[in-house]
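Comments concern the structure below.
Readers should treat all values here as calculations from the given coordinates under stated rules, not as data from a laboratory. These numbers were taken from a predicted model, which means no experiment stands behind them. Neighbour counts run over all protein chains shown; Cβ positions are idealised from the backbone, glycine included.
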Amino acid sequence: MKRHPIVVGADGTAHSKAAVRWAAREAYRRGLPLRVTHVFDWEWGEARYDMSNGYFDEARKHAEGITGNAVHEARVAARDVDVEGDALVGHAVARLLAEAEDAELMVLGNRGRGGFGSLLLGSVSRRVATHATCSVVVVRGRGGDLTEGPVVVGLDASAMADRVLEVAFEEAAGRGARLSVIRAQAPVGYVAGDVELPEPSAEERARVEEQVAPWRAKHPGVPVDVTLVHDGAAAALAEASAHAQLVVVGSRGRGVVTGTLLGSVGLQLLHHADCPVYIVR
């Protein structure tokens with residue numbers, strides 16, 4: 001049976017190196033191959049008068065150097081990982097989205113080359129995370145070398161809640177970590193501080209515990225905390241990320257704009273979380 005790889009985008013930056021290390025350890029833990037991909041944009045207009053193709057050769061050589069260094073970084077992070085690297089020509093977003101079509105998981109750093117300091121998420125990472133057809137991890141915040149703290153999962157009542165719980169339990173089990181389940185139930189349009197909301201009822205907690213119960217039974221070795229909050233989901237999860245090693249959320253929320261595969265909670269976490277963010281599809 002074909003094993004779909006974990007694909008990680010590499011560009012030689014510190015953010016990219018953190019993503020490569022995270023992806024290498026994840027691939028090793030899952031027993032999957034790792035594919036390191038660097039995409040270099042070749043501008044024909046810059047070299048149309050160079051009949052020897054010297055500019056292109058130099059650009060490819062530089063790209064292959066970035067790819068080779070990233071492959072080395074992956075092998076240092078997970079010595080026995082099955083890893084290959086490839087330097088691709090083209091537009092970064094388009095090529096990475098094409099790579100995602102055959103990937104088990106796409107891993108990206110939160111910032112790339114040429115980013116503006118005021119931006120919290122690079123444009124390539126944002127566009128790939130919102131349009132990729134596979135699950136995506138954006139390594140951000142305190143970075144991809146975190147081994148302490150719980151795995152945090154944002155739980156709602158959507159149709160994909162079970163898939164999100166499945167991934168969260170598997171990630172917690174693979175890391176030997178506690179799982180923190182957060183159910184945010186703020187009314188639509190609620191802004192923190194507007195009014196004081198009542199504590200979640202026993203009935204609400206019972207419904208969430210029932211939702212979690214089958215996954216507790218499947219992973220009895222994973223300690224689980226369930227927290228219900230009357231706050232915005234993004235705010236609650238961002239706060240929890242300060243002490244977590246991974247935050248797991250679903251890819252779709254309510255009121256999602258047509259054409260994107262990521263809801264507002266996921267988008268806010270990609271800008272503000274203090275640890276890697278796993279977007280489940």
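If R0 is 25 Å, the Cβ-Cβ spacing of Lys218 and Thr147 corresponds to a FRET efficiency of close to 0.60. Counting 0.36 nm for each residue step from Ser264 to Glu209 and taking away their Cα separation leaves a gain of 17.3 nm. From least to most packed, judged by other beta carbons within 10 angstrom and beginning with the fewest, Leu108, Leu146 follow the order Leu146, Leu108. For the listed peptides 172-180, 4-12, a ranking on the average number of other beta carbons within 10 Å per residue, highest first, reads 4-12, 172-180.
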